[in-house]
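Beneath this line is the structure, given in structure tokens, with notes to follow.
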Amino acid sequence: MRRALSLATLLLVLTAAQFAALSIEPYGDSVYDLATGVTTLPQGGVIRDNAHDLSIDATYIEYVEGDYISAREAKMATEKVRFAAERMRYLPEREEVRLEGGVRFDSDRIEGLTAERGWIDLKAGVAVVEGSVRAVTPELTAARLVADYRAGEVLLVAPYTYQDAQLGVTLRGQNPEKPLYLRFDTETGEVRASSQLPPEAAERLLPYAKKALPNEPLE
């Protein structure tokens with residue numbers, strides 16, 4: 001009997017620890033499907049992943065604990081970085097987020113960035129967006145943008161344009177093999193642009209510039 005009780009207690013503790021990783025605030029009903037293990041929030045809500053310091057606020061959410069979170073008309077915030085998209089899918093174990101449709105990105109260094117789709121490596125602190133990429137501050141366009149939002153480094157993959165405020169000129173590139181490297185000063189916020197990538201940044205960021213993003217629909 002004691003053995004049974006201790007096993008039951010252990011299971012309760014493990015279950016509680018698993019669910020403690022997520023803080024869930026539904027805006028309405030919460031529906032759980034016993035057959036699939038999927039929980040649906042038809043009116044949306046806010047989910048906070050305490051383990052990864054991540055919050056998702058959306059008008060519709062479905063999730064399987066420890067497996068995935070899918071959301072529509074979603075806003076996401078982590079580490080002073082804010083994302084939004086029509087559709088979002090978060091994979092906690094991989095520490096990855098996929099974004100599709102009306103993607104928006106804002107940080108302390110980049111404002112008003114929009115794109116068609118995106119992918120975020122939360123572990124590395126790198127975001128990749130592509131498709132009609134535009135930003136208001138700094139003023140730029142690109143086929144793809146790679147941002148190390150912790151280090152303040154950005155790659156613009158051609159074709160790109162970049163309005164260099166320091167030089168007062170617009171930089172343009174057409175060769176996808178030669179991205180423009182932007183370095184944001186952590187104290188002043190000033191941006192330095194260069195066609196020459198530092199070796200360390202090239203090793204770390206170029207794989208993201210060439211990585212094919214998943215293209216299956218987010219449903």
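The values are calculated or read from the model by the stated rules, or taken from the named source; none is laboratory data. Predicted model, so just to flag it, every value in this text is computed and none were measured. Glycine also receives a Cβ, built like all others from the backbone with ideal geometry; neighbour counts cover every protein chain displayed.
Would you mind stating whether residue 51 is small (Gly, Ala, Ser) and at pLDDT below 95?
yes
Condition test on residue 77, is it under 17 Å from residue 125 (Cα atoms) and either surrounded by fewer than 17 Cβ atoms within 10 Å (Cβ to Cβ) or out of contact with any Ser or Thr (no Cβ under 8 Å at 6 or more places or on another chain) (or both)?
yes
Pull up the range 102-124, narrow it to residues that are buried (at least 17 other Cβ atoms within 10 Å of the Cβ) and farther than 23 Å from residue 190 by Cα, then point me to the one that is farthest from the chain's Cα centre (by Cα).
The qualifying residue farthest from the chain's Cα centre (by Cα) is 115.
Among (1) assigned to a loop (DSSP other than H, G, I, E, B); (2) more than 18 Å from residue 123 (Cα to Cα); (3) in contact with a Ser or Thr (Cβ under 9 Å, 6 or more places away or on another chain); (4) not aliphatic (A, V, I, L, M), there is one condition residue 52 misses while meeting the rest; what is its number?
(2)
The conditions are (1) under 29 Å from residue 183 (Cβ atoms); (2) part of a strand (DSSP E or B), and residue 62 fails exactly one of them. Which is it?
Result: residue 62 passes all but (1).
Residue 175 passes all but one of (1) touching a strand residue (DSSP E or B) at 6+ places or on another chain (Cβ under 9 Å); (2) over 19 Å from residue 104 (Cβ atoms); (3) not small (Gly, Ala, Ser); which number fails?
(1)
Taking the criterion of being among the hydroxyl-bearing types (Ser, Thr, Tyr) and surrounded by 15 or more Cβ atoms within 10 Å (Cβ to Cβ), would at least one residue in the range 125-135 satisfy it?
no
Every residue, every condition in (1) in contact with a Cys (Cβ under 6 Å, 6 or more places away or on another chain); (2) in contact (Cβ under 8 Å) with a residue 24 or more places away in the chain; (3) within 24 Å of residue 80 (Cα to Cα); (4) assigned to a loop (DSSP other than H, G, I, E, B), yes or no:
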| site | (1), (2), (3), (4) |
| --- | --- |
| 144 | no, yes, yes, no |
| 175 | no, no, no, yes |
| 181 | no, yes, yes, no |
| 187 | no, no, yes, yes |
| 193 | no, yes, yes, no |
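Sort through 145, 171 and tell me the only one that's within 24 Å of the chain's Cα centre (by Cα) and surrounded by 16 or more Cβ atoms within 10 Å (Cβ to Cβ).
Sole residue among the options that is within 24 Å of the chain's Cα centre (by Cα) and surrounded by 16 or more Cβ atoms within 10 Å (Cβ to Cβ): 145.
From the set of residues in the range 18-39 that are more than 22 Å from the chain's Cα centre (by Cα), β-branched (Val, Ile, Thr) and not in a loop (DSSP other than H, G, I, E, B), which is surrounded by the fewest Cβ atoms within 10 Å (Cβ to Cβ)?
The selected residue is 31.
Any residue at all in the range 52-59 that is touching a Leu at 6+ places or on another chain (Cβ under 7 Å) and surrounded by fewer than 17 Cβ atoms within 10 Å (Cβ to Cβ)?
For the range 52-59, residues touching a Leu at 6+ places or on another chain (Cβ under 7 Å) and surrounded by fewer than 17 Cβ atoms within 10 Å (Cβ to Cβ): present.
Can you pull out every residue in the range 70-86 that is under 12 Å from the mean Cα position of the chain (by Cα) and either of a type in the set (S, T, N, Q) or closer than 14 Å to residue 58 by Cα (or both)?
74, 75, 76, 77, 78, 82, 83, 84, 85
Does residue 13 satisfy the criteria of being hydrophobic (A, V, I, L, M, F, W, C), at pLDDT 95 or above, over 26 Å from residue 121 (Cβ atoms) and surrounded by fewer than 16 Cβ atoms within 10 Å (Cβ to Cβ)?
It is false that residue 13 is hydrophobic (A, V, I, L, M, F, W, C), at pLDDT 95 or above, over 26 Å from residue 121 (Cβ atoms) and surrounded by fewer than 16 Cβ atoms within 10 Å (Cβ to Cβ).
In this structure, does residue 93 turn out to be among the acidic types (Asp, Glu), surrounded by fewer than 19 Cβ atoms within 10 Å (Cβ to Cβ) and at negative phi?
Considered against the rule, which asks whether it is among the acidic types (Asp, Glu), surrounded by fewer than 19 Cβ atoms within 10 Å (Cβ to Cβ) and at negative phi, residue 93 comes out as yes.
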